[in-house]
Amino acid sequence: VVVNPVILGELSLRFDTAFSWHSFSAAMELLASLRGPDLLRVKGIVNIDGKPVVVQAVQHIFHPPVELDRWPSADTGSRLVFITRNMDQDLIRNLLQAVLAI
């Protein structure tokens, strides 16, 4: 019997460029639809058109985003953490970089 090992990964990403809600949510929907069971946890503060928005997810379930009144510090960059199972972390990074470039 051959057992494939489960590979857990943690990926922290930062982006200085603001996302539009449409591009960010489309990327997250695509990721969740294709790899939802392997997205063990997603959390972060995302710069959406200059405003701080808290995002959280477990697998394919995304909680409603929460727009903050103000940034918690002078740092207005997006900060995201992904805890994954059996995923190439470059795929997540490349997907988000691609939607910023569009």
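Where a number appears in this text, it was derived from the coordinates with a stated rule and is not lab data. Here the structure is a predicted model, which means the values were calculated and not measured. Please note: Cβ atoms are built from the backbone with ideal geometry, for glycine as well, and neighbour counts cover all protein chains shown.
Worth pointing out:
- Kirkwood radius for region 48-102, taken over all pairs of different Cα atoms as the inverse mean of 1/r, rounds to 13.2 Å.
- Simple label model, 7 Å out from Cα along Cβ direction - Asn94 to Leu34, nm: 0.9 nm
- Angle between the chain longest axis and helix 89-101 axis [Cα atoms, degrees, rounded to 10]: 30 degrees
- Cα long-axis angle, helix 21-35 against the chain (0 to 90 degrees, to the nearest 10): 10 degrees
- 19 Å tail of the calculated P(r), region 1-52, as % of Cα pairs: 42 percent
- Estimated FRET transfer efficiency when R0 is 35 angstrom, pair Val6-Glu67 (beta carbons, to 0.05): 0.50
- The orientation-averaged projection of the convex hull spanning the C-alpha atoms of the chain amounts to 6.7 square nanometres.
- Between the residues Phe24, Ser78, Gly9, the greatest Cα displacement towards the positive end of the dipole of the chain, with unit charges on the Cβ of Lys, Arg, Asp and Glu, is found for Gly9.
- The packing ranking of peptides 36-47, 71-82, highest mean first, is 36-47, 71-82, where packing means the average number of other beta carbon atoms within 10 angstrom of each residue.
- Label-point gap, in nm, between Trp21 and Arg85 - each point 7 angstrom along Cα→Cβ: 3.2 nm
- Amide H partners (placed H, <5 Å) of Leu40, local residues excluded: Gln59, Ile83, Thr84, Arg85
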